[in-house]
Amino acid sequence: MANNHNDYGTDLRQLHTNDLELGATEAVQQHISRHVVSARPVSQRKLNFEHSRPRWLREMMAEATGVFFYVFPGIAAVTAFTLGAENAAIGSLLQVGFAFALGIAFAIITCAPTSGGHFNPAITICFVVWQGFPVKKACYYIVAQIFGAFLAGLFLMGMYWQQLGALGDAARAAGQTSMVYNGGPASVLCAFPGETQNNLGFLFFTEFFVDSYIGIIIWAALDPANPFIAASSAPFVIGLAYAAMIWGFADITISTNLARDLGTRIVAAIFYGGEAFSYKNYSWISILVNVPATLFATGYYEFLMRDSLSAIGGGHAQHEDGEDGLALHLTKSGIPMERGMTNATGLEKVRSQ
């Protein structure tokens, strides 16, 4: 009985009916007056383990996991849409767009705190060009991103193997000799042009425009000087940018992400043959155009729309020559010092005129 009494005494703090247990309630603790049961103290053993993890491995796994979280819901929705082509209740382009959008948002929320949340080789390359991201790190980021999409494709094939097999049997019964075509089993993994889409120049232009559109929105959402974007809203804004392009151009055939396309296209080649890369000579557009298009978009933003002075003013950046360099710039630009510079927490804060 004594032992039982001690056990009850140990857990007495969790028997108060007005307390909230650990979990999602922690996120809203600041908005309510009720008490949340304290978490168990962090052990030294756990700290030692976390400290021993190689940073490069954590970042690679975060990028791979993020791409998986982004790609898997999207291609699963495409699969449901393809398999249920005659049943609107099973899938639609609206569902496909939201699946990719929410997948991107979940990827950023889950994995960006660890790796920065690139999830796209083109974005990683843009960070190298415009923000000084290390080239060596960019290389293993890109490998991890492609690997994440590859895993998403494998998981999808494992889960839908029976249904995709039935779709292939029906296609062969209808006279199809290949499973690689728009609307066929392989198309649930990666993009293929439609039967009448033979103009590669047109497909190139469409892909370039779509990727540029998305690239500008991503760069604007990541701009710390943008007053319309909060950290909590950026994942959903970026996701909806993808969804908007899917809703507008899915019937034309678009890819939007090198990793998303190449990783799943490799899976398509494994299961359905090398035609996944050779079909209508389209794969080079879906794989490669994303990089120059995103570089163009982010360059457009950097040269014409970026306001670095506002970023400095918000404490998100510093002048390369420190306070003296900033003061010199304000003088040369004709911005009054009293309007352009204030002292706060030891750092200058600048507002553009």
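The values are calculated or read from the model by the stated rules, or taken from the named source; none is laboratory data. This structure is a prediction, so every number in the text was calculated from the model and none was measured. All Cβ positions, glycine included, derive from the backbone under ideal geometry; neighbour counts span all protein chains shown. Surface areas here come from the heavy atoms of the whole protein model, side chains and all, with no ligands, DNA or RNA. Shrake-Rupley method; radii C 1.70, N 1.55, O 1.52, S 1.80 Å.
In the frame of its principal axes, the range 118-226 has Cα extents of 57, 32, 25 Å, reported largest first. Multiplying the residue separation of Phe106 and Cys139 by 0.36 nm and subtracting their alpha-carbon distance yields 9.5 nm. For the peptides 203-215, 155-167, the ranking by packing is 203-215, 155-167, with the highest mean count of neighbouring Cβ atoms within 10 Å listed first.
If R0 is 45 Å, the Cβ-Cβ spacing of Asp169 and Asn48 corresponds to a FRET efficiency of close to 0.25.
Given their separation in residues at 0.36 nm each and the Cα-Cα distance between them, Asn198 and His329 gain 41.8 nm when the chain is fully extended. A Förster radius of 41 Å, combined with the Cβ-Cβ distance separating Ser178 from Trp56, puts the computed FRET efficiency at roughly 0.50. The simple Förster model, with R0 at 35 Å and r as the Cβ-Cβ distance, assigns Glu302 and Ala85 a FRET efficiency of 0.25.
Heavy-atom accessible surface of the range 169-268, averaged per residue, reaches 41 Å², computed with a 1.4 Å probe. Mean projected area of the convex hull spanned by the Cα atoms of the range 193-299, taken over all viewing directions: 7.4 nm². If the chain linking Thr114 and Ser233 were pulled fully straight, counting 0.36 nm for each residue of separation and taking away their Cα-Cα distance, it would gain 41.0 nm.
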